Every structure is written in C-alpha cells, then in structure tokens.
1. Considering only residues that are closer than 12 Å to residue B:200 by Cβ and either of a type in the set (D, E, K, R) or in contact with a helix residue (DSSP H, G or I) (Cβ under 6 Å, 6 or more places away or on another chain) (or both), which ones fall in segment B:92-122?
2. Could you tell me which numbered condition residue B:20 fails, if it satisfies all but one of (1) more than 13 Å from chain A (Cβ to nearest Cβ); (2) touching a residue at least 60 places away in the same chain (Cβ under 8 Å); (3) in contact with a Ser or Thr (Cβ under 6 Å, 6 or more places away or on another chain)?
3. Give the residues of segment B:71-96 that are buried (at least 16 other Cβ atoms within 10 Å of the Cβ), under 26 Å from residue B:136 (Cβ atoms) and either under 26 Å from the mean Cα position of the chain (by Cα) or among the charged types (D, E, K, R) (or both), sorted by residue number.
4. Can you tell which of A:170, A:199, A:220, A:216 is in contact (Cβ under 8 Å) with a residue 12 or more places away in the chain, in contact with a His (Cβ under 8 Å, 6 or more places away or on another chain) and within 30 Å of residue A:71 (Cα to Cα)?
5. Regarding residue B:197, is this residue within 14 Å of chain A (Cβ to nearest Cβ), buried (at least 20 other Cβ atoms within 10 Å of the Cβ) and touching a residue at least 12 places away in the same chain (Cβ under 8 Å)?
6. Quick check on segment A:163-180: of everything there that is in a strand (DSSP E or B) and not aliphatic (A, V, I, L, M), which residue is farthest from residue B:323 (Cα to Cα)?
7. Starting from residues that are surrounded by 13 or more Cβ atoms within 10 Å (Cβ to Cβ) and more than 9 Å from chain A (Cβ to nearest Cβ), keep the ones in segment B:306-315 and report whichever is nearest to residue B:393 (Cα to Cα).
8. Against the condition surrounded by 14 or more Cβ atoms within 10 Å (Cβ to Cβ) and more than 10 Å from every other protein chain (Cβ to nearest Cβ), how does residue B:303 come out, does it pass?
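The values are calculated or read from the model by the stated rules, or taken from the named source; none is laboratory data. None of the values given here were measured: they were computed from a predicted structure. Note that each Cβ is placed from the backbone with ideal geometry, even for glycine, and that neighbours are counted across all protein chains shown.
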Amino acid sequence: MVSEHNEKSVFGKALVFTMVLFFVGISLGMFIESHRTSLIEKQYDELQFEVLDSKLRSDFYQLIEEDFCEIAVADNLRFSDRIYENGKKIDIYGKFNRLGNSLDDEKRKYALLKTEFWLNSILLRDKCGADYDTVVYFYLDDVSDDNIKQSQNVQSNILSSLKEEYGAGIMLIPLPIDMGISVVDSFVELKGISEYPTILINEEIKLEGLHSYEDIEKLI
Amino acid sequence: MEFLTGVYLFYILTTMYVSIVGLMVYYRIRDEFMDDPGAEFNKGLSVIVPAYNEEKTIGATLQAIIDNGYPKDKLEIIVVNDGSTDGTVDVVKKYKSVILLDKPNSGKADSVNKAIKKSKHEFVAIIDADSYPQKNALKEIMKYFADEKVGGVTGAALVKNRNNLLEKCQAMEYVLIAWTRKSLDAVHSVFVTPGALSAYRKTALKDIGGGFDTKVMTEDIEIAWNLLRHKWKTRMAIRAKVFTSAPSKVKAWYNQRIRWNVGGFQTLVKHWHLIGKKEYNMFGVFVIPFFISHLVISFTGFFVFLWVIFSKLYNWFLFSRYSIQQDSAVFDLSEIYLLPSVFTYFALLVVLLFGLAIYYSFKTFKEAKIKIDFAFFFYALIYLSVFPILLIISLYLWKRGYAKW
C-alpha cells in the first residue's frame, strides 16, 4: 500500500499535474483564438489596403478617362462578396472563441468597412447608374432577448438565400447597430429605426420586423 | 468569458483532478494492485446471510459459501430469514450446517445486527442472499484482518447476470467501482463496504456502537463511514471476488438507486460535521469532502444541463416558428460548423483519462468479460447521464421522508 507520506502527496501531485494540463489547455485555447483573431485582422488589413487601392484607382481613372464606372463597379462587387464572407467568418469565430475574445473590435472594424462599402455603393449607383439594389440589414449584435435573437437569425437566413439567388444584383450589408459606431447611430436616428431586425432597401424602403423572402423580393 | 464557459471549465477541472488522482494512485500501486496481502489468517468466521424472499437464489449462495475453501471448523453460517413469504426457509433447511434465525420482517440492518449477536466468532462476514463469492474469497478477505487496526474489509463485487442492456451497464459500472475502490484503498478511503461481500471485526463493531444503523437505508455505507470515523481501517480485498445479481428491470434498478442515494444523504447528514477535521484522517479531509463535492457537482451540473437544454430547445422552437411563419428553411446544414476551441482539447483529455480508467479496470477484472460494444457506449453516454436526475428525485423523496427498503 502507498505509504502515509505518499498518501497525502498523491493529492498534491495530482493537483499540480491537473493544473499543468489545465493551463496547457487554456493556453492552447487562447493560442487558437488569438490565431483566429490574427487571421481576421490580416484579412481586414488586406481588405482595407485593397479598398484604398481601389479608391485611388477610381480617382485616377476619373481624372484621365470618363468611363471609370465599369472598373469601379467591378471592384465594389468584389469587395461586396469578400466583406460579406469575412463578416460571416467573424460571427462564426466569435461563437467558438470561449476565453474572452469575442472579436468585438474586429466586428466594429468590419462594421466600419461595411459602412464605407455601403456609401461607396450608393455613390456608384448614383454616378454610374449601377444595376444593383442595396439591402442594408440592421441588427443587434449583443442581444439577450431570445425572440429578437431568433427572428434576426431567421431574417439573416432569408437574406443569405436572397443574396445567393441574386448574387451581384444586390449588395447585402449587415450592420450591427449596437457597436457604438457614430455613422451607423446617426443613420439609425435619421431613419427612425427602432425595431430589430430592420431592412433598408435602396435607402428608401424601410422594413421593420421579420419579413419573408417574397416580401423582400417584391421590393428589389 | 461567459458564465457558462466558467462553469464548464470548473467541471472539466474537477473531473480531471478526480480522474488524475485515481490514475496516479493506480500507477503507484499497479504492481501490487492484485498482490496477495500476506499469509492466511483463517480465524473463526461467522458468515451471515440476510434473506427476504430469496428462494430462487439463496441455495446457490449457501453452496458457494460452503464450497468456498474456508476451513469448515472455523466457519459458521447463519441465515437470517427476515419474514420471507416465499420458500426461503424451506431451501435453507436443506443445508444442515447452516443456522437459521427466523424473525418477523424488520429490515436488513436489524436482521444482521441480531445475527451478529448470535454469532460465535470475532469476525463476521455479510453476504447478500443473491451473491456468490468466488473460490477462496473468504480466505482473501480474512487476510486483511491480520492488521489489528482493520475494522472492515470488502470484496470486489461484479455482476453475475449480463444479458440485457441494463445488466450490461451495471456490469461495467461495478467493474469501474471495484477498480476505483481499490485505488481508494491505497489512500485509506474505502467508504462503502457493500452487502454483496464484506467482513467486520466484532471489536470494531462494538466500538462504533454495536453494529449497523437501522435508521439508515444504506447500512453498508454508514458502517464504513462509522468505522473510519472511529479510526478503524476499511480495506478492499480485490482478490475476494463475488458475483452478485444486479436488477434486471428498470423499476427494480430505479428503486435500488433511490435507496442508495437516500441512504447516502442520511449517512452524510449523520457525519458531515466532521468535514475537514484532520484528527479523523482521510475520513475528515477526503472522504466527506469528496462525497459532498460529488453531490454539489451533480446537482449544479444537472441544473446547468437543464438550463442549457431548455434554452436551446426554446431557441430552436422560436427559430422554427419564425422560419415556418416566413416560409424559410427550418434546418440548414451550412449553419453547422466544427471548429477547434478550448473545449476540444479538454474533451479529448477527459475522454483519454476516462478511457484509461476503463481500460485498466476492464483489464483488472477480465472475468467480468466486459466488451466494447453498444452497451459500452450506452453506458458512457446515456446511463451515466441519468444519475443526476436520480439524485434530484432521491433528494426530493428523502425530504418527503422516503423509507422503502
């Protein structure tokens, strides 16, 4: 039998061993999460660089030739897809980040980028007569009410199906309204948005609450 | 970090610690895990078989005791018929060497106490009337009494009937329990001496008040606690194997588990005030805290589990309702993601630790013939999850004054 001395030491040694394994796990978890965050940050940096590059290219073409629209619209479409995909990725990564990094900063940065993209889309549609509809989807990111949470999830699914169906025909821009972004706050106030989810089509048609695929399709 | 994440991590940490303690103890003693504890100690032994309506099994039990290999001149066998209404008495009367004590029904603890008083030897073994000690089990148990500080010794109880799913699950459970109990033996913390096969020193029984507590539903837990409390050693004789009949039907199994749990609560209430007291050695600093933490973890785990399940179901209901209202897909495979997280590592680790415990326990008790089949996964995933529910029911019944032996 284990001796009296060893008897007590086994509990202490097991505790040390457990803590080591536990902290290895926590460290590994933190490493995985920070790796994901850095991936998002890297993609954000790339996108931001491309946005700036594209903007400068548009400015350049505007200066030297009249027909800059084709290039600018194509660039904008490309960003549309990438921003949308990256936004989805942040949401998924956020759900799997359990140790504190909820990717809020990244979400805010992307919300800004999406806002910039939205404004650019409006500009291009007005200047170049681009043939697409902007569908801005306002939602709450940090929501405790299960009713709102699930109606937002359903609305998000419907909009994703719509985007899949119409592709470049719509610019889908999901914007969280509770991230403290002043430009979004101003717009929410300007349009009198008080219910979530809310969809704004081409900056004119406001659809508050949950709406079906058919309802939205009729308006685009 | 979310509150639930904190709760999960706490559970993981606790599970890991308990598993690691068990495994570390096993690794320390694995070379002598099955070792012979020493020379034979074949002193006079009174074997008591309490019986209540056991006509189908008691004959085989008595035969297993008689043929066990213990010197006949040192062996006294007493059957206490606890008011049976079947043919138990007729079966017992066929065994001339067996003493029959016939009495009105008063419960197992009282029956055993009466038999202890009538028994002539210093050592008494209690064997349930549906349990079958393997060859030399009595000799193996008695070897531990060579140490004068040993007050109680239990054998390794394994399940005899392994036909249906419930029986197979219990067979695995008993193997794991026996293996864990031997590990606890190494740290002086055997806190149950099950009725299937356990033996006691009468001097120790006198010291703790005379015998079994008749007010507690699990007299085999209470007596072990009482012995530890009075600084007697309780040991596990792993070579003393006994096959016992496990409940075959859910109702019988349910009643047994409720009785075990209620008995556990009664025992805890009787001794819990000794928690943390170093003068009671491992009983105060390990057994009681271990028992209490097991209850706390089970209860809180159960409520967290309920909250998570109901919250998910409610959200799923809302999502489905809104989806149906808007004619949208209720279920979308593209919404299912599998990404590594901090829990992936811990889940693998806990599975590994649990797997090691299962591997070593199954290896230790090859005669239990446990297989990794459907029953094994059912045991790991379903059977074990029912325990917190049984605990909650037991707590409720205990508070309502449940008393059904």
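1. Result: B:122, single match.
2. (1)
3. B:76, B:77, B:78, B:79, B:80
4. A:199
5. no
6. Here the answer is A:176.
7. Selected residue: B:306.
8. When the stated conditions are applied, residue B:303 does not pass them.
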